[in-house]
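Have a look at the structure below, then the notes.
The values are calculated or read from the model by the stated rules, or taken from the named source; none is laboratory data. Fair warning: this is a prediction, and the values are worked out from it, not measured in the lab. Note that each Cβ is placed from the backbone with ideal geometry, even for glycine, and that neighbours are counted across all protein chains shown. Accessible surface areas use protein heavy atoms only, side chains included; no ligands, DNA or RNA. Shrake-Rupley method; radii C 1.70, N 1.55, O 1.52, S 1.80 Å.
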Amino acid sequence: QVQLVESGGGLVQAGGSLRLSCAASGRTFSTAAMGWFRQAPGREREFVAVFSWSGGSTHYADSVKGRFTISRDNAKNTIYLQMNSLKPEDTALYYCAGSRLYSGSPHVSDYTYWGQGTQVTVSS
């Protein structure tokens with residue numbers, strides 16, 4: 001079992017920034033990659049970014065490339081999502097997730113562990 005605790009969401013104006021955090025605990029050695037997904041009301045959960053332990057590689061959805069950065073603090077078992085140049089369309093509930101796959105899959109079905117979600121709201 002792996003527990004994920006998220007924090008850092010809030011309300012910001014368009015063009016502003018936020019940094020989300022996700023602290024992992026429990027059997028963290030069973031998790032090969034950790035990523036971020038988001039879900040807006042009435043829409044399916046979608047991939048945002050992932051950090052794979054294999055080579056420390058990162059991957060991003062096209063919609064956030066150049067604006068968001070995912071990073072990891074090994075000592076704290078924590079990943080972060082730095083969100084810059086935020087747009088109203090970024091408004092969603094953001095989830096931290098863990099996968100047993102080293103490939104850094106963008107598919108929801110490939111992730112086993114999920115956080116509680118943290119709300120990000122961007123005003124125009």
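Where strands (runs of 3 or more DSSP E) fall wholly inside the stretch 13-124, the ranges with 1 or more residues that are among the small types (Gly, Ala, Ser) and either in contact (Cβ under 8 Å) with a residue 24 or more places away in the chain or under 21 Å from Gln1 (Cα atoms) (or both) are 18-26, 33-39, 46-52, 57-60, 92-99, 118-123. Can you confirm whether the stretch 74-82 contains a residue that is of a type in the set (Val, Ile, Thr) and over 14 Å from Arg19 (Cα atoms)? Within the stretch 74-82, not a single residue is of a type in the set (Val, Ile, Thr) and over 14 Å from Arg19 (Cα atoms). Could you say which residue among Ser21, Ser17, Ser25 is at pLDDT 95 or above, open to solvent by 40 Å² or more (accessible area, probe 1.4 Å), on the phi < 0 side of the Ramachandran plot and of a type outside the set (Asp, Glu)? One residue alone meets the criteria, Ser17.
Selection of the stretch 85-104 for residues being closer than 14 Å to Val50 by Cβ and either open to solvent by 10 Å² or more (accessible area, probe 1.4 Å) or in contact with a His (Cβ under 8 Å, 6 or more places away or on another chain) (or both) yields Tyr95, Arg100, Leu101, Tyr102, Ser103, Gly104. Within the stretch 56-84, being among the acidic types (Asp, Glu) and either open to solvent by 60 Å² or more (accessible area, probe 1.4 Å) or closer than 18 Å to Val120 by Cβ (or both) holds for one residue alone: Asp62. Of all the numbered requirements in (1) open to solvent by 50 Å² or more (accessible area, probe 1.4 Å); (2) at pLDDT 95 or above; (3) among the aromatic types (Phe, Trp, Tyr), Trp53 misses one, and that requirement is (2).
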